[in-house]
Amino acid sequence: MKRTSKQWLRNPDMYAGYAFIFPWLLGLFVFSLFPIFFSLYLSFTDYDILSAPQWIGFENFKEMFTDDPRFVKSVKVTLLYVAVAVPLRLCFALAIAALLNMKIKGARALRSLYYLPTLMGGSVAVIVMWGQLFGLNGAFNSFMRSIFGIEISISWITDPSTALGSLIVLSVWQFGSAMLIFLAGLKQIPASLLEAALVDGASAAYRFRRITLPLLSPVIFFNLVMGIIGGFKVFSEGMILTGGGPHDQTLFYVIYLYENSFRFLHMGYGSAMAWVLLLAVSILTALVFRSSSLWVHYESKGEREA
Amino acid sequence: MRSIKKRYSAILLLLAIGLTACGGGNTNNASTNEANNTPKTSASETKEASSTEPVTIRVSYWAGTQLTIDAHDNVVKLFEAAYPNIKVQSEYATGADYTDKILVQAASKDLADVVRVDYSQIKNYVSKGLLQPLDEYVADKTIDLEGINPLHTDVGKVDDKLYGVNIGNNALVLFYDPDKLKEAGVEAPAASGYTWEQYEQDLQTVKDKLGIYGDTHFGQSQYEIWLRQHDAKLYNDAQDGLGYEDDGLFTEFFETQLRLQKKELLTPVAVESEIKALEDGPFPKGNSAYGGWGYWSGSHSAVVEKQLNKVVGFSLFPGPGKGAYIKPSFFHGISSNSKHPKEAAQFIEFYTNNIEAAKSLDGYFGFPYNPKVLAGVESEFTDTQKRVRAYLDLVESQGSPIDPPAPAAGSEVSTSFKNIASEIFYEKLTPAEGAKRFRQEANKALKK
C-alpha cells in the first residue's frame, strides 16, 4: 500500500496527530526555530536591540577572530574549564557509581544522598551557598582555621588564581546525573562475565579495566558528549559567583556573549558568538563521535559503521 | 462510530484551544501597537479618563537594599491613598541587573509606565526612543516645576526637551567615623581643603594607632573626580575617545592606590571582592575609619548611619574641591510605550512634590530641591538629612557642574576599567601598563 501525498492529506489520523501536537509545534516554531534563524540573521548585523539591525556582513566574525582579546580570553577560559571539569566529573561519577554498585547495606539511601547535589546544583541557592562555603570567611576557611590552625586569607571564589578552580570543583561536585547513568550501565554488565574472570583469577583492577570499562564504554561515550556540550554552555555558576571576574579569569564564553548582547548592546556580535559556539561544539562533538570507533565497544559489532 | 465522534470532538477542542491561544497573542500585539502610537495622540483622551477609571501603572526602580524597597513602597502607599483609582505595581532589580532588565523590557516594548533612569543612561534611552517628553505635563502643571531653580531640573533635558524629572540631589561623599578619628588623634577632614598627602598621612596614623584599615580602594567614580580635579574628563566632548591626553593621570592615581595598598592602609582586595550589597562594606561594618567606596549622600548616608548606629562625618574626597559635583540621584521618566502617561505623570508629581511623600522619603532618594517641598519638610528633617544638606551646600560651593552623561559604550569602558584596576591591585599589571591598555580598550569601545 503506497501512499501518495494526496492520500496523506485526506487521512484524518494525520490531522488528529497534528492537532494534538499543535501546542508543541507552535512552541517549536515561535520560540525555537524563529529565534534561532533570526539570530543567524542578526549575527551578520550591527544590532543594539533598540534600533533596527544594520547589515554588516562578516564584520562581527572578523572582529571576533582578529581584534578582540576578551573573546580569545573567554575561549581559553572555557576550553580550560571543559578540559578539566568534564573528565574529572566523569571519573568521579564513575568511581562513586562503582562503589554504589557494590552490595553494601544502605546503598539505596547513599545513592539518593549522592544524587542530591545534582538535584540542587543547578539552582541559584546552591551556587550562592558555594560562595558562602569558599568565601573569605566561608566554611572551608573556618574549618581550616579551627581544625588545622591554618590561616587562609584568600577568598577562593574571587581570587584570580583560584576562581576558576573553585568553579570547576563546583561542577565536579554535581556528578549525580552522570553517576546515575553509570550506575544503570554497571547494572547491565552481566555478572557471569565478571564471575568467570574472577574464577580465572583476574584481579579486581584487571576485571574493571578489561571487562567493566569496555562494556561501559557506550555509557561513558554518552556522558562525555553530554558533559562537553553542557560544559561549553556553562553560565549561571560564573554569572552568579564571579560575574566573569576577577579581571576575566572566569569569563566563560556564554558570560561574554551575555555581556555583549545585553550589557554592551552588541546583540549582533552576541548572536555571531552564539553561532560560533554552536559550530565549535558541533565540530567537537563530531570529532568525539569519530573517535568513538576507536574506543567505544558495542556488543552488536557489524552494524556500527557510521 | 462513537469513537470517531469522540475523536473529532477532541480535535475540535484542541483546535479551539490553539486558536484561542493565537487570538490571545493577536490581542497582545494589537495593544502594543496601540501603545506605540499612544504618546502622540492619547494625552488628551486619557485626561478625561484619568479621574475615575481604575488604572494600574507599573513602576520600575533600582534597589540594592531592603531600606530602599521600604522607602519606595511607603510613597506608593501614600500615592494610592491619594489617588484611589490608580493602582501601582512596582518592580525592582539590583545593581547592573537593573539596566539589563530595562533594555530587555525595552526591546520587547514592555517597559513600565514610570521608569527610574540613571543620569548615565538618560541620553542613551532618549536616543533610542524609550522615553517620551514630559513638557506637556509640565505645561499643564500635572508635574509642577514652578518656582524651582532650573539648575535642578535641566539635567533631565535632552535636546531641550525634558525627559526625566530629577528625584533628588545627590553627591559622592567620603564618609568618616568621627569616633575612630578622635581615638587615633586625627583631625576630621577640613571642609576648606583636604589634600591627598593629608589623607595618606591620616590613613597611616589610623593604622598605627588603632590597627585598622583606613579605607577601601578607589574605583572609577573616584577616578572621575580625580580627573575633574585636574580639569580633565573621562570622555571627550564628542564621546568617541578618552577626555584626557596625559596617561600620567591614570598612572599617578593608581600608583597612589597601590602605595596605600602596600602599606596595608586599604582593606585587602579579597575582602572588597566579596562586597555584594551596600551593608557588606568595611565602613558600614565598622572595620575602617573612612568610607570612600563610592557612597552617595542620599540613600547611603541613611543606610550607613543606621547600620553603624552613630553619626558619621561627610567630607569631600581628597584633592581640590572642584572635583566634586551634584548629580540627580535618579530620574523618573515615562516610557514611550506607556498606556497611561497621564497617571504616570501624576505619580511622578506626587513623588517629587507631595509634602507627605517628601516627609516619608526623608531625602532617601536624594535631597529635595523644590523650595515649596523644602519649606514643608524642613522642620521634620532628621539629623542625617541636616548633615546631608550641609554637605550638598559644600559641594555646591566648591564643586563644578556634572560631566555630560556617559555614551552608550560607557558600560564597556567601565568593564575595561574594572578589569584593569583589578589586575593592578592584584599586581599583575603596573599602573603605567594599565594606563596604556585602558586608553586602547576605551578608545576602541568608544569608536565603535
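What follows is calculated from the coordinates using simple rules that are stated; it is not laboratory data. Only a predicted model underlies this, so the values are computations on that prediction, with no experimental measurement involved. Cβ placement follows ideal geometry from the backbone for every residue including glycine, while neighbour counts extend to all protein chains displayed.
Observations on the model:
- With Cα atoms, 0 to 90° folded angle of helix B:410-425 axis to chain B main axis: 40 degrees
- Difference of contour (0.36 nm per residue) and Cα-Cα distance, residue B:197 to residue B:179: 4.3 nm
- Candidate lysines - alpha carbon under 19 Å from residue B:310, same-chain residues fewer than 8 apart omitted: B:180, B:182, B:285, B:386
- Here the sum of -39500 (n - 2.57) over DSSP H runs of 4 or more residues, divided by the residues of chain B, equals -16500 deg cm²/dmol at 222 nm, to the nearest 500.
- Cα gyration tensor shape for the protein assembly as shown, rounded if a/c is under 1.5, else prolate or oblate: oblate
- Listed cross-link partners B:262/B:418; B:306/B:359; B:101/B:372; B:157/B:342; B:77/B:339 are compared with a 24 Å cut-off, the Cα-Cα value being larger for B:101/B:372.
- For the options B:409, B:82, B:421, a Gaussian network treatment of chain B with springs between C-alpha atoms closer than 10 Å singles out B:82 as fluctuating the most.
- Listing B:382, A:285, A:212 from fewest to most neighbouring C-beta atoms within 10 Å gives B:382, A:285, A:212.
- Cα Rg over Rh - segment B:138-196, Kirkwood: 1.28
- When you work out D = kT/(6 pi eta Rh) for segment B:317-448 at 4 °C and 1.567 mPa s, using the Kirkwood radius from C-alpha pairs as Rh and the Stokes-Einstein form, the result is 70 µm²/s.
- The mean number of partner chain beta-carbon atoms within 10 angstrom of a residue's beta-carbon across peptide B:271-278 is 4.
- Student exercise, segment A:68-304 dipole from Lys, Arg, Asp, Glu Cβ charges, in Debye to nearest 20: 540 debye
- By the beta-carbon count within 10 Å of each Cβ, the least crowded to most crowded order of A:273, A:239, A:267, A:129, fewest first, is A:129, A:239, A:267, A:273.
- Global geometry of segment B:99-179, whether rounded, prolate or oblate, following the gyration tensor of its Cα atoms and the 1.5 cut on a/c: oblate
- Local net charge near residue B:323, Cβ-Cβ under 15 Å (Lys/Arg +1, Asp/Glu -1): -1
- Whether segment A:141-239 is rounded, prolate or oblate, judged on the alpha carbon gyration tensor where a/c under 1.5 counts as rounded: oblate
- Number of Lys pairs (Cα under 25 Å; 8 or more positions apart or on different chains) in segment A:68-304: 5
- Sum of side-chain charges, residue B:170 neighbourhood, beta-carbon under 15 Å (Lys, Arg +1; Asp, Glu -1): -2
- Once C-alpha pairs closer than 8 Å and six or more residues apart are averaged by separation and normalised to the residue number of chain B, the relative contact order reads 25 percent.
- Whole-angstrom gap from segment A:115-169 to segment B:282-349, using each part's C-alpha centre: 33 Å
- Here B:113, B:97, B:393 are placed in order of increasing Cβ neighbour count within 10 Å, fewest first, which gives B:393, B:97, B:113.
- The Rg/Rh ratio of segment A:68-304, with Rg taken over Cα atoms and Rh as the Kirkwood radius over Cα pairs, comes to 1.04.
- Each other residue within a Cβ distance under 14 Å of residue B:413 adds +1 if Lys or Arg and -1 if Asp or Glu, for a net charge of +3.
- Counting only whole DSSP H helices of chain A, the ones at least 30 Å long by C-alpha along their axis and with mean Kyte-Doolittle hydropathy no lower than -0.5 are A:69-101, A:267-295.
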